[in-house]
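A short worksheet on the structure shown next.
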Amino acid sequence: MTSIVELATVNLSEIEFVDRMGLIMERLGGTRTMGRMYAWLMISDPPDQSLTDLAAELGVSKTAVSTVARHLEVSGMVERVPSSTREHRYRIVGGGWAQVMRVQLAILKQSLDTLDFGLSILGDDRPGQRDRLKDTREFFAFILQDSDQMFERWKEHREKSS
């Protein structure tokens with residue numbers, strides 16, 4: 001049987017984990033609540049949670065949770081699950097972070113066209129500006145050149161570790 005002290009320690013540790021993930025998501029450009037919600041869904045039991053449950057666990061409004069849930073759903077990190085009630089329930093989607101990375105890499109691909117356009121409008125009389133654009137373009141192209149292979153290696157890794 002688990003003692004009250006052990007339960008309190010587990011809960012405090014879980015709260016710390018959820019809060020740390022909030023900070024990480026914030027550093028990645030999301031919101032703290034987004035990271036906290038994602039973290040909670042990773043460790044919650046049952047794995048699917050209602051908006052009411054999420055709001056209560058995270059100490060934020062149901063409206064805030066609903067907004068964050070929509071963002072996470074659009075990004076492919078969580079999904080809404082069927083429910084016998086009218087309330088929406090959400091759970092983590094396997095491979096969600098890989099999907100986020102795919103979206104970010106697609107933006108980098110689009111950026112190459114923009115950088116090429118920038119290079120086309122700058123004359124050779126502006127070498128400093130051209131060098132900055134070229135450096136950015138080369139970096140993005142470098143990242144993209146192995147991205148398909150990276151996702152293939154990730155898929156193989158996941159299959160081996162399953």
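The values are calculated or read from the model by the stated rules, or taken from the named source; none is laboratory data. In this text the structure is predicted, and so the values were computed from the model without any measurement. FYI the Cβ positions are ideal-geometry reconstructions off the backbone, even for glycines, and counts take in every protein chain you see. Heavy atoms of the whole protein, side chains included, go into the accessibility calculation; ligands, DNA and RNA do not. Shrake-Rupley method; radii C 1.70, N 1.55, O 1.52, S 1.80 Å.
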Seminar exercise, completed: For the stretch 39-152, the per residue accessible area (1.4 Å probe, Å²) is 63 Å²
For this session: Note the full-extension length gain between residue 106 and residue 14 as 0.36 nm times their separation in residues minus their Cα-Cα distance, in nm to one decimal.
Result: 29.7 nm
Problem set entry | Calculated FRET value between residue 146 and residue 45, using beta carbons and R₀ = 35 Å, to 0.05 | 0.35
Exercise. Taking θ as phi - 60°, what are the ³J(HN,Hα) couplings along the stretch 83-100 by the Karplus curve (6.51, -1.76, 1.60), each to the nearest whole Hz, with x for Gly and Pro?
Worked result: 9, 6, 9, 7, 6, 6, 10, 10, 8, 5, 9, x, x, x, 5, 5, 5, 4
Seminar exercise, completed: Read-out percent of Cα pairs over 19 Å apart, candidates [x] 67; [y] 59; [z] 53; calculated match is [x]
Problem set entry | Paramagnetic reach from residue 161 (point 7 Å along Cα→Cβ, amide N under 19 Å) across the stretch 90-118 | 92-102
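Can you order the peptides 132-144, 26-38 by their average number of other Cβ atoms within 10 Å per residue, highest first? Don't skip to the end; give the middle numbers.
On the way: 132-144: 14.0, 26-38: 19.0.
Those peptides, ordered most packed to least, come out 26-38, 132-144.
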Problem set entry | the stretch 1-145, accessible surface, carbon-and-sulfur percent (1.4 angstrom probe) | 57 percent
